[in-house]
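To start, the structure itself, in structure tokens.
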Amino acid sequence: MSEFLGPHGKATIILMRSHFDSELPKLKDLKKLLHIPDGKYYKSGGRHSYDINKLERVLVILSEIRGQERDWQRTSSSDYLVTVAEVHSNLFMTLKYTAQVIDGFNLTNAALASLDKLITNYANICSMRSDITHMWDVLQRNSTRATEKGFDDSTILNPDVPSLQKILAGYGDAEYAKVIQDIQDWYETHRWKVKSSSKAKSTNEDDETEPAEAA
């Protein structure tokens, strides 16, 4: 993890999408827009793909929580930018590169470790709840098989599903609510926020007064 975020164990990571490298924002433009001293692009499927996949996974989870249809194009990146910690976006960045930028994160090693645990917890609670959801299909399938085999055990042939459903009503709901709240809180804490500032305003004015350089 420290290698992913650099020697200080903290960095800003911006997920990008592009078909060609030439479509990515030029570093000189990003340095001006975001007021960063430097930065470097890497391929998302490269050496630190595991960490990038975690960041993309949390975006997928957030989409699931909102009830949105899964769309890998919304969350899958082709490249990512690594730059200094605690960098924020601004309206000019958002408007200019909305097609290329998926999302960004201000991260530390501790934040990544926390995310790893949250994603695991989410997968576990979803699996547990899914087991109960599919239980009724299992009981029906077992009943059909038992009839075909000539079994006469009434608990298999005709299980008391309504009573079981009553007993298991709300199974895992409280833990699921806690896990998704923890994930949402993590995202709000570490996401790449848009902030307006006098520096951003100054940058925009520079872009307007120096059209030759912007081109």
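The values are calculated or read from the model by the stated rules, or taken from the named source; none is laboratory data. As the structure is a prediction and not an experimental result, all values here were calculated from the model. Using ideal geometry, Cβ is built from the backbone for each residue, glycine included, and neighbour counts are taken over all protein chains shown.
Computed values, structure above
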| item | result |
| --- | --- |
| Qualifying residue in segment 9-32 (condition: more than 21 Å from the chain's Cα centre (by Cα), assigned by TED's automatic domain parsing to the domain that holds Glu86, part of a strand (DSSP E or B) and surrounded by 11 or more Cβ atoms within 10 Å (Cβ to Cβ)) | no |
| Segment 33-58 - residue that is within 20 Å of Trp186 (Cβ to Cβ) and crowded, with 18+ Cβ neighbours inside 10 Å and, of those, nearest to the chain's Cα centre (by Cα) | Val58 |
| Candidates Val84, Val101, filtered to the one that is surrounded by 13 or more Cβ atoms within 10 Å (Cβ to Cβ), in contact with an Asp or Glu (Cβ under 9 Å, 6 or more places away or on another chain), of a type in the set (A, V, I, L, M, F, W, C) and closer than 23 Å to Thr189 by Cα | Val84 |
| Test result for Asp182, of a type in the set (Asp, Glu), over 14 Å from the mean Cα position of the chain (by Cα) and not assigned by TED's automatic domain parsing to the domain that holds Val82 | no |
| Residue count, segment 112-135 (criterion: in contact (Cβ under 8 Å) with a residue 60 or more places away in the chain and touching a Leu at 6+ places or on another chain (Cβ under 9 Å)) | 2 |
| Per-region count, segment 64-74, residues part of a helix (DSSP H, G or I) and either of a type in the set (Lys, Arg) or under 19 Å from Thr189 (Cβ atoms) (or both) | 2 |
